[in-house]
Each structure stands twice: as structure tokens, then as C-alpha cells.
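A short reminder: the numbers here are calculations on the coordinates, not readings from a lab. Please read these numbers as outputs of a predicted model, since none were measured by experiment. Because the Cβ atoms are built from the backbone with ideal geometry, glycine has one as well, and the counts that use them run over all protein chains shown.
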Amino acid sequence: MKKEEYSDIELVKNIVEKNDVNLFEVIYDRYAHFVYNKYISFLKDNEEAKDLTQDIFIKIYLNLRKFQGRSKFSTWVYSITFNACVEHIKSRRKALKIQELQLHNYTEYLETDEVSYSELLDNKYECLQNIMNTLPKGEKLLLLMKYQQNLSVPQMVAI
């Protein structure tokens, strides 16, 4: 039987039991468009939706063992996707509020003192750290792997 002919349940079972990452490609091909469309409906930003689609498949892969088959696999994927969309929007709003506060403080700082270039960089780094600290642990880890360690999605899945 070709791997494309497996049912979702068979794919999950083989991926979990045999740790066959190649079979996950079939799940990705089946559901990537669906996940991407859900992100687009929430975010209205193609590039962000593409990035988050990759992130959600890492999350799906890492949680395959938790799928118990009480619902259809597509329902489980939808649930993870929907919850991730909502969490992303919440964290984005929270980050924006923090950025607004920091920008206000930063503006006041610039208006009152002579500031050196190194002080500006330190403040920028501190702002970035604060924003990263507002993210859920898993999302922060994904961002660090992607942008600090320059790992590709397949490399992140393999970890």
C-alpha cells in the first residue's frame, strides 16, 4: 500500500509506533491547506499564515502521541489550529500593549537625556527580551530554533 493510501489513523499509528517521519509528510500534504486557510481567516496576512502553518505542524507532530482517536483526526487538527490561532492573537495583543508601554517609556527617555548608541541597543534588546518572555514556552522555543539557530522546519521536527 502506498503511503498516500493510509487512513489518518493508520498514519498516526505508524508515525508514533515506528517514528516514521516520512509518513508525517502525508499528513502535512492532507491538512496544510486547511490549516493555512484557518490562519488566513484569523490574521489576513499571507506570510504570517505560512509561518504559523509550519509552526502548527511542528506542534501537531510533537503531540501525535496524545491523539486518542475519540474524534476524527481532522477534528483534532482543527482544534489544535483554532486554539493556536486564538492564542496567537492573544499573545500578539499582549505584545502590542507591552510595546506601546515600552515605546512610551523609550520616548520619554529620549526626550529627557542624551543617549548613546550602545544605550539604544541595550534598550532594544531589553524590549525584545520582554516580548519573548510574554510568549508561551513552546512558541518561544520555536522562534529561537528558527531565528537564532537557523533550523529548518524538518530539522525542528526531527528534534
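Among 64-72, 138-146, how do they line up by average Cβ neighbours within 10 Å per residue, starting with the highest?
Values: 64-72: 11.3, 138-146: 15.9.
For the peptides 64-72, 138-146, the packing ranking is 138-146, 64-72.
Give me a comma-separated list of calculated 3J(HN,Hα) values for segment 44-59, in order, Karplus coefficients 6.51, -1.76, 1.60 applied at θ = phi - 60°, integers in Hz, x for any Gly or Pro.
For segment 44-59, the Karplus curve yields 6, 9, 4, 5, 5, 5, 5, 4, 6, 4, 4, 4, 5, 6, 5, 4 Hz.
Exposure proxy check: 153, 77, 86 ranked by fewest other beta carbons within 10 Å?
Going from least to most buried by this count: 86, 153, 77.
Efficiency by 1/(1 + (r/R0)^6): what FRET value for residue 72 and residue 129, r their Cβ-Cβ distance, R0 = 41 Å, to the nearest 0.05?
Once rounded, the FRET efficiency stands at 0.50.
Could you run the Karplus curve 6.51 cos²θ - 1.76 cosθ + 1.60 with θ = phi - 60° over segment 143-153 and give me ³J(HN,Hα) per residue in whole Hz, x for Gly and Pro?
With the stated coefficients, segment 143-153 comes to 4, 5, 5, 6, 9, 9, 9, 6, 7, 7, 4 Hz.
Summing +1 for each Lys or Arg and -1 for each Asp or Glu, what net charge is found among the other residues whose Cβ lies under 14 Å from the Cβ of residue 74?
On the way: positive: 30, 38, 70, 72; negative: 8, 29.
Net charge around residue 74: +2.
At what distance in nm do the modelled label points of residue 46 and residue 87 sit from each other, each positioned 7 Å from its Cα along Cα→Cβ?
Going by the 7 Å Cα→Cβ label model, 2.8 nm.
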